[in-house]
Amino acid sequence: MSEDLKILDEVTNSDYKWGFVSNIESDNAPKGLNEDIVRFISLKKSEPEWLLQWRLKAFRHWLTMTEPKWPNVSYPEIDFQDIIYYSAPKKKPTLNSLDELDPEIKATFDKLGISLIEQQRLAGVAVDAVIDSVSVKTTFRETLAELGIIFCSFSEAVHDHPELIKKYLGSVVPYTDNFYAALNSAVFSDGSFCYIPKGVRCPMELSTYFRINSAGTGQFERTLIVAEEGAQVSYLEGCTAPMRDENQLHAAVVEIVSHTDANVKYSTVQNWYPGDKNGKGGIYNFVTKRGICLGDRAKISWTQVETGSAITWKYPSVILKGDYSIGEFYSVAVTNNMQQADTGTKMIHLGKNTRSVIVSKGISCGRSQNSYRGLVKIGKNASYARNFSQCDSLLIGDKCGAHTFPYLEVANKTAKVEHEATTSKVGEDQIFYCNQRGISTEDAVNLIVNGYCKEVFNQLPMEFAVEAQKLLSISLEGSVG
Amino acid sequence: MLSIKNLQAAVEGKQILNGLNFEVKPGEVHAIMGPNGSGKSTLASVLAGREEYEVSGGSVSFLGTDLLEMSPEDRARAGLFLAFQYPVEIPGVSNANFLKTAVNEIRKARGEEILDSKAFLKLMNEKMKLVEMDKAMTQRSVNEGFSGGEKKRNEIFQMAMLEPKLSILDETDSGLDIDALRIVSNGVNALRTPDRSFIVITHYQRLLDYIVPDFVHVLYKGRIVKSGTKDLALELEEKGYDWIKEEIAVGA
Ligand SMILES: Nc1ncnc2c1ncn2[C@@H]1O[C@H](COP(=O)(O)OP(=O)(O)OP(=O)(O)O)[C@@H](O)[C@H]1O
Ligand SMILES: [Mg+2]
């Protein structure tokens, strides 16, 4: 028997250790991962039996899998037994006032123009309950409810709308999908659920703020968005994390279902702690994001601005099943210092006349490594499918790296696929030209890089675009000597 | 305004400026002519503070301060403007946005209030008229896809927006059609005041019919070898540079 199977066997055959349950009052699960932990999480969240079983299946499957090694990133082995998989929200403030906040974080908040109240919340100063793995900010809920829109935390949805969760959970990203998706399915803590009924156009941007708070707590969110026939929604995901010393694992799963004529736009600004200048600390971000255009003329659009994390491993994808369905991916990924990013998308064309657009802008500075990895797959029934990909890399300095890995699989002769790629450097000529007009080198780089990213920023909702630009400036700080 | 003494500069180890002396007083327009490769653009670049150009000797004082000690952006903020021989493209950055940043940086340095969007637009509309520039150009990315002539006109537009004290125009007339030449010249003339000065680098006497210089200089082998009035330009047009080269050979 192989080692894995032996472990699997041991785990699946061992009795559930009830003794553990006496600890149900504790805020954190003990470090490590086994079936008991999975049960603990499920119990903590008073989940129905079917969900527990689903988690357990995912966990057992995860045990048979190994960490993917193909991304162009390197990091020390993650000890999955050294992670806390559940921590309840802490009501106690970690700081008494903003004065106690790390001045570097404070400076970042100020540069981002975050209000003092919001800063207090983010920094974990008293005032509000600090948000951790559990719960989601659910604003404007009443207004939405009138339209039949459901926007709530995943846990709430499990209790209030079990039929929807049961129907869609894992329907786009099954737990068998990949190592991190399996892990997430087993131990996901919370996340968001969003449901737009038939013909409803969501009147506001739906946004959530996720944060990582407790040191050493893995973060496993689960987001599910369902847009019924003709529905429309724009969803924003943004996050920020405080400075910390320990590598933190983050493995989220996002699933989107877009029915006939539905339109889902998903925008992300990701700004997690990237580690210090030597690469110490920082978040490991291994995310599985996928949407499916189930019906004809359905549309899913991903826009992401990735500036944070020590390691980013993320490929928001679209399965274009319905005829005439549309998938879009707009991405800006910035890496500085020792950051590593391997990100891109997959566009899987199954339906006829399906269309996809990929615009990826990678920016590397410092000693960072930035890889684009994209798959365009045209199935044999996807007649007249079309894809256009534009993958640009911008280098700042000469110690960083940019890599492009485009994969193309075309099984239908009528399909049309175009790929363009460029690599450029922020030119000294451009910087000097700006200098000569009174613009400092730092501002010049910001201006040039923002110009370079414009196509992607144009896709973001207004306020988000502004935030993204500020983030970009902060990420680029010190990138030019 | 500007006082250059015995300026020596090299690029990539090659000596280009060889002890150049040059004086510009407020309100004056100086034309600099000279054969290809004589160092005209190099002089402009050194004055603007381009890093690759290494100053190995001499001094430059601008409005009473040591220009060579200043960063390129500080020189610009102090009122030095260079209309580039080859303007640079900045994709994705609109002309308007670029100029708004520039104008406000310069205003900040002068201790003036920052212009809000409305005031900026007003200023832009005013200056656009001056160089008869199309509104659409301000929304396009800086110089991207501009024709040669449009790029040059854009430089003068930027100059008009920034209202510098000393403007150096490096072959702004090259590539301009006859109408554009007139428009650009009118733009420059409109900016002429008793306290603003211009250094106009050109190969063609024709420009000097429009922008009438107070002095004409010949730059040759990194030195000003001859100076005169606008008649010198006419003489050069007629005879070329050989006679000057010969004069120097005899003198040496
Ligand atoms: N970056 C550089 N690297 C190497 N050589 C340079 C560089 N810049 C200028 N030179 C050289 O210095 C000399 C002077 O060049 P410069 O551009 O100043 O001439 P110019 O007088 O402006 O000529 P033109 O009338 O053709 O514009 C030329 O021989 C040129 O090749
Ligand atoms: Mg020249």
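What follows is calculated from the coordinates using simple rules that are stated; it is not laboratory data. Quantities reported herein were computed from a predicted structural model and do not represent experimental measurements. Positions of Cβ are backbone-derived with ideal geometry, glycine not excepted, and every protein chain shown enters the neighbour counts.
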Need the list of aspartates and glutamates near A:K470 for cross-linking: C-alpha distance under 14 angstrom, and skip anything on the same chain fewer than eight residues off. A:D110, A:E306, A:E442, A:D443
Could you pull the Rg and Dmax for the range A:306-403, using just the Cα atoms, both in Å? 15.1, 46
Leaving out same-chain residues fewer than 8 places away, which aspartates and glutamates sit with a Cα under 13 Å from that of B:K25? B:D195, B:D214
Distant alpha-carbon pairs in the range A:217-359 (separation over 24 angstrom), percent: 33 percent
Cβ under 12 Å from B:A102's Cβ, B:A102 left aside: what net charge do those residues give with Lys, Arg +1 and Asp, Glu -1? +1
Run the quick spin-label model on B:L115 and B:D134: label points 7 Å from Cα toward the beta carbon, then report their separation in nm to one decimal. 2.3 nm
So the FRET efficiency between B:Y210 and B:I248, C-beta based with R0 = 41 Å and rounded to 0.05, is 0.85
With +1 at each Lys and Arg Cβ and -1 at each Asp and Glu Cβ, the charge dipole magnitude of the range A:375-432 around its Cα centre, to the nearest 20 debye, comes out at 500 debye
Just how large is the dipole of the range B:2-251 about the Cα centre, in debye to the nearest 20, putting +1 at every Lys and Arg Cβ and -1 at every Asp and Glu Cβ? 440 debye
Trypsin sites (Lys or Arg not before Pro) restricted to DSSP loop in the range B:59-152 with at most 13 other C-beta within 10 Å: B:R110
Between A:Q53 and A:L408, take the C-beta separation as r, use R0 = 35 Å, and let me know the FRET efficiency to the nearest 0.05. 0.35
May I ask you to list the lysines whose Cα is less than 24 Å away from that of B:K152, ignoring any residue fewer than eight positions away on the same chain? B:K40, B:K100, B:K122, B:K127, B:K129, B:K135, B:K165, B:K230
Over the range B:1-82: Rg over Rh, Cα atoms, Kirkwood Rh: 0.93
Restricting attention to the range A:355-430, which trypsin sites (Lys or Arg not before Pro) occupy a DSSP loop and are surrounded by at most 14 other Cβ atoms within 10 Å? A:K380, A:K399, A:K413
From the Cα gyration tensor of the range B:2-251, with a ≥ b ≥ c the square roots of its eigenvalues, which class applies: rounded if a/c is under 1.5, or else prolate if a/b is larger than b/c, or else oblate? prolate
Kindly provide the pair-distance distribution of the range A:357-406 built from C-alpha pairs, with 10 Å bins from 0 and whole-percent values in order of increasing distance. 25, 39, 22, 11, 3
Could you work out the helix-only [θ] at 222 nm for chain B, with each DSSP H run of four or more residues adding -39,500 (n - 2.57) and the total divided by the number of residues, to the nearest 500 deg cm²/dmol? -12000 deg cm²/dmol
Quick one: give the max-minus-min coordinate of the C-alpha atoms of the range B:74-147 along each principal axis, largest first, in Å. 36, 27, 24
Order of A:F329, A:F40, A:F388 under a 10 Å beta carbon neighbour criterion, fewest first: A:F388, A:F40, A:F329
Gyration tensor (Cα only) of the range B:4-139 to equivalent ellipsoid, semi-axes in Å sorted down, yields 31, 18, 15
In angstroms, what radius of gyration and Dmax does the range B:139-252 have, counting Cα atoms only? 15.9, 55
Packing-based exposure ordering (other Cβ within 10 Å, fewest first) of A:T66, A:T343, B:T172: A:T66, A:T343, B:T172
If Lys and Arg each add +1 and Asp and Glu each add -1, what is the summed charge of the other residues whose beta carbon sits under 15 Å from the beta carbon of B:A249? +1
Listed with the fewest Cβ neighbours within 10 Å leading, B:T229, A:T288 appear as B:T229, A:T288
Spin-label pair A:K380/B:N21, simplified geometry with 7 Å Cα→Cβ offset, distance in nm: 8.7 nm
Nonlocal amide H pairs with A:T404, under 5 Å, H built at 1.01 Å: A:Y372
In whole percent, the Cα-Cα distances of the range A:328-472 spread across 10 Å bins from 0 upward as 12, 35, 31, 16, 6, 1
